[in-house]
Amino acid sequence: MKKANKFIGREKELRILEDLATYRNASLAVIRGRRRVGKSALVKEFSKDKIFLSFAGLPPTEEMTAQDQRDNFADQLCAQTQIAKPDSSNWFNLFLALSQEITKKKTALLFDEISWMADKDPTFLPKLKSAWDDWFSQKSQLVLILCGSVSAWIEKNILSSTGFFGRIVSQITLEELSLSESVELLASQNFTGGLFEKMMLLSITGGVPWYIELLGKGGSCSTQVMQTCFSKDGLLVSEFDRIFHDLFGKRSDLYQKIVEALMKGPLTHRVLAEKIEYQSSGALTDYLDDLVLSGFVSEDVSWSLE
């Protein structure tokens, strides 16, 4: 989060990443956190004095294919390195071409929205693991950062995966900005509202940097909120639907039913299943775990003498 030339907040996370850059060996790190919380901005700040190569997956759709994701990766590689477009028929060729462009200088390599990259291609993670073992780990000045908004996917497929066991040296869960950091960021937006409007805007944005930057650009809080959240073409009118679909894909309707059922108050697993007319099973537990990791619901552990 920039204020003029100053980056606001994230001191702890930046220290963690800078420590990785001092290692004699290559480092593999994971950053996860909700959409709009500033994961990419954090990596860019860390990388400002290093060679920086960044790759982002395409938002998945029904029409999107695994080849589309590989072609997009190849296009990004060409744009950042000026090499001829490599064969994108499989990830092996792409990772090899990328590894050959990494020098002995300090380099930050970002794979952003990694769950999107892997969408519809079960070979992505095994080949990434092999590429790390054979090529990337040999680059002594490299910090490879795997980043994404789908925390449940990262937990299941990377952090809890035997394939990446012992390879990840750091993991960061990026939270919202603190109140003092949010106030500082809001001040950098030339916000002209009074104290009450400032507190109202910070309550609405919840410490999410992108929302603060969007809603705090001068003018009164009520005006900004009306224009952005309630006008016909406001940027945030469809924000929930857009993020929910990006995170949960085809199952987004079921996840939304769960969230709506919990809006009126906490429910036990059994009662929730009855409310949404879904079998109380391990699958429902997995869906709830996804929502907890994604920050949409919280879990309260309870017990009874019965």
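Scan Lys129, Lys85, Lys105 and give me the residue that is of a type in the set (Lys, Arg), within 26 Å of Arg24 (Cα to Cα) and modelled with pLDDT under 95. Break it down stepwise before answering.
Details: Lys129 fails: modelled with pLDDT under 95; Lys85 fails: within 26 Å of Arg24 (Cα to Cα).
It is Lys105.
Tell me yes or no: at least one residue of the range 162-179 is closer than 21 Å to Arg70 by Cα, surrounded by fewer than 23 Cβ atoms within 10 Å (Cβ to Cβ), of a type outside the set (Asp, Glu) and touching a strand residue (DSSP E or B) at 6+ places or on another chain (Cβ under 9 Å). Before the answer, list the steps.
If we filter the range 162-179 for residues that are closer than 21 Å to Arg70 by Cα, which is where we start, we get none.
Checked the range 162-179: no residue is closer than 21 Å to Arg70 by Cα, surrounded by fewer than 23 Cβ atoms within 10 Å (Cβ to Cβ), of a type outside the set (Asp, Glu) and touching a strand residue (DSSP E or B) at 6+ places or on another chain (Cβ under 9 Å).
If only one of Leu267, Leu272, Leu291, Leu236 is farther than 28 Å from Met64 by Cβ, open to solvent by less than 40 Å² (accessible area, probe 1.4 Å) and either under 19 Å from the mean Cα position of the chain (by Cα) or at pLDDT 90 or above (or both), which one is it?
Values: Leu267 fails: open to solvent by less than 40 Å² (accessible area, probe 1.4 Å); Leu291 fails: farther than 28 Å from Met64 by Cβ; Leu236 fails: farther than 28 Å from Met64 by Cβ.
Answer to the check: Leu272.
Identify, from the list Leu159, Leu110, Leu179, the residue that is in contact with a helix residue (DSSP H, G or I) (Cβ under 6 Å, 6 or more places away or on another chain) and not polar (S, T, N, Q).
Exactly one residue qualifies, and that residue is Leu110.
Tell me, please, whether a residue that is part of a strand (DSSP E or B) and acidic (Asp, Glu) can be found in the range 16-36.
Step one: of the range 16-36, the residues part of a strand (DSSP E or B) are 27-32.
Subsequent filtering for residues that are acidic (Asp, Glu) retains none.
No: the range 16-36 contains no residue that is part of a strand (DSSP E or B) and acidic (Asp, Glu).
Find the residue count for the range 214-229, including only residues that are open to solvent by less than 50 Å² (accessible area, probe 1.4 Å), on the phi < 0 side of the Ramachandran plot and touching a residue at least 24 places away in the same chain (Cβ under 8 Å). Spell out how you get there, then give the answer.
First, pick out the residues of the range 214-229 that are open to solvent by less than 50 Å² (accessible area, probe 1.4 Å): 214-216, 218-221, 224-225, 228-229.
This time we only want the ones that are on the phi < 0 side of the Ramachandran plot, so: 214-216, 220-221, 224-225, 228-229.
In the following step, the residues that additionally are touching a residue at least 24 places away in the same chain (Cβ under 8 Å) were identified as 216, 220-221, 225.
Matching residues across the range 214-229 total 4.
Just checking, how many residues over the range 180-200 are surrounded by 14 or more Cβ atoms within 10 Å (Cβ to Cβ) and in contact with a Gly (Cβ under 6 Å, 6 or more places away or on another chain)? Don't jump to the end; show me each part of the working.
Of all residues in the range 180-200, those surrounded by 14 or more Cβ atoms within 10 Å (Cβ to Cβ) come to 181-186, 188-189, 191, 193, 197-200.
Narrowing the set further to residues that are in contact with a Gly (Cβ under 6 Å, 6 or more places away or on another chain) leaves 181-182, 186, 189, 191.
Residues that pass the stated criteria total 5.
The values are calculated or read from the model by the stated rules, or taken from the named source; none is laboratory data. It should be emphasised that the depicted structure is a prediction, and the values quoted were computed from it without experimental measurement. Backbone-built Cβ (ideal geometry, glycine too); neighbour counts: all protein chains shown. Areas reflect the complete protein model, heavy atoms only, side chains present, ligands, DNA and RNA absent. Shrake-Rupley method; radii C 1.70, N 1.55, O 1.52, S 1.80 Å.
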